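Bear in mind these aren't lab numbers, they're just calculated from the coordinates by the rules spelled out. Here the structure is a predicted model, which means the values were calculated and not measured. All Cβ positions, glycine included, derive from the backbone under ideal geometry; neighbour counts span all protein chains shown.
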Amino acid sequence: MSEMVRVGIVDTDTSHAVEFTRRLNHIDIPEEQWVDGAKVVAAWTAPSAIIPEEQHREYNQILREMGIIFVDRLEDLLPQVDAVMVLSQDGSVHLERAKPFLEAGMPVFIDKPFACSVHDALLMADIAARKGAPLFSSSSLRYALEVQRVHEQANDWGKVIAADAFSPAPTHPRNPGLFHYGIHGVETLFALMGKGCRRVRCIYHDDGELVVGEWDDGRIGSVRGIRKGAYTYGFTVICEKQAWTTTIDTRYIYRELLKRVVEMFRTRKAPLDISETLQTVAFIEGARKSAEQHGTPVDLPVF
């Protein structure tokens, strides 16, 4: 595909709607942040169950000022776009929002969280497979430059033996447990460790939680969800020949994520195996069950 990909936004109750549009449409953003090859042209949104109505209206006004056309019905986006980004903060509505576009075989990016249950996640993956619709979901932290550095140094540092990620983890009843924001830490962990987590256990407190995962090859990784203390992201990674601890610079994470999103829209090839996305959902669901059972280990399904 050589022509510009026309992108639709589904739900605008997040700053991502504005920030992604700025980078794709090259509006009010430094050139070093630009991502080429796709342009947001239209949007549809429903009332938000997460943010105040006033804040939601403000996002919509900014998008309108950038030239984005709002349609009245979700289905009205279909003839106007080549691909969609489902940006609803409420992960429990993602199946409903994504379904019409997946059924049409259209490329779909779903912002974090992919879903708030393994049930919904499997249904979306199944529709995408049956209809041949490219499907991708990720936190922007997965493609942080520091995470990329670990992969770029693989020849010198060796295989990742263990990793411990940390992230802010405020909660919301619509996105229970780590689904709401701690998913950033979970995505960082999986970006470093890869798929294969078979069991989790969670130590939970209102001020934070620690989730330990056991991988099927014996490796151990963890996510610390922070609700009291410094609001920051980072990780420690232990490789065969190198150990490295770093915080994450968030200035370029949207750009790096959007590069992968646009590449999928253009090539119809997802940059991440959907089975790994399913595992991140199972990891968070398992962590919630473990917390409710006072830290009892919970075995995870195999995808």
task = Sort 210, 77 so that the residue with the fewest other Cβ atoms within 10 Å of its own Cβ comes first and the one with the most comes last.
result = 210, 77
remark   = With x for Gly and Pro, the residue-by-residue ³J(HN,Hα) of segment 219-229, computed from phi through the Karplus equation 6.51 cos²θ - 1.76 cosθ + 1.60 at θ = phi - 60° and given in whole Hz, is 6, 10, x, 9, 10, 9, x, 9, 10, 8, x
query = In the chain, which longest range has no trypsin sites (Lys or Arg not before Pro) that are both DSSP loop (not H, G, I, E or B) and surrounded by at most 15 other Cβ atoms within 10 Å?
reply = 74-158
The chain - Rg and Dmax from Cα coordinates, angstrom = 18.7, 56
inquiry  = If you scale each eigenvalue of the Cα gyration tensor by 5 and take the root, what three semi-axes come out for segment 5-140, rounded to whole angstrom and sorted largest first?
reply    = 23, 17, 14
key: FRET efficiency, 1/(1 + (r/R0)^6) with R0 30 Å, evaluated for residue 69 and residue 268 via beta carbons   = 0.75
note = The computed P(r) of segment 87-244 puts the percent of Cα pairs beyond 20 Å at 54 percent
task = Please report the Cα spread of segment 180-303 along all three principal axes, rounded to whole Å, starting with the longest.
result = 46, 35, 35
key: Rg in Å to one decimal, and Dmax rounded to a whole Å, for segment 232-294 via C-alpha atoms   = 16.3, 46
query = Taking the Cα centre of segment 5-140 as the origin, how large is its charge dipole in debye, to the nearest 20, when only Lys and Arg (+1) and Asp and Glu (-1) carry charge on their Cβ atoms?
reply = 380 debye
request  = Using a Förster distance of 22 angstrom, determine the FRET efficiency expected from the C-beta separation of residue 207 and residue 296, and round it to 0.05.
outcome  = 0.55
remark   = With x for Gly and Pro, the residue-by-residue ³J(HN,Hα) of segment 9-21, computed from phi through the Karplus equation 6.51 cos²θ - 1.76 cosθ + 1.60 at θ = phi - 60° and given in whole Hz, is 9, 10, 6, 10, 8, 8, 4, 4, 4, 6, 5, 5, 5
remark   = The long-range amide H neighbours of residue 234, using H built 1.01 Å from N in the peptide plane and a cut-off of under 5 Å, are 166, 248
Cα-based Lys pair tally, segment 184-303, threshold under 23 Å, eight or more apart or on separate chains = 6
query = Where in the chain lies the longest segment free of GluC sites (Glu not before Pro) that are both loop residues by DSSP (not H, G, I, E, B) and have at most 12 other Cβ atoms within 10 Å?
reply = 4-239
query = If each of residue 242 and residue 4 carries a label point 7 Å out from its Cα toward its Cβ, how far apart are those two points in nm?
reply = 4.0 nm
remark   = Among 236, 85, 258, the residue whose Cα sits farthest towards the positive end of the charge dipole of the chain (+1 at Cβ of Lys and Arg, -1 at Cβ of Asp and Glu, taken about the Cα centre) is 236
message = Testing the spin-label approximation: label points 7 Å from Cα along Cα→Cβ at residue 32 and residue 232. State their distance in nm.
response = 2.1 nm
query = Amide H of residue 5: which non-local residues (sequence gap of 5 or more, or other chain) have their own amide H closer than 5 Å, using H built in the peptide plane?
reply = 38, 39
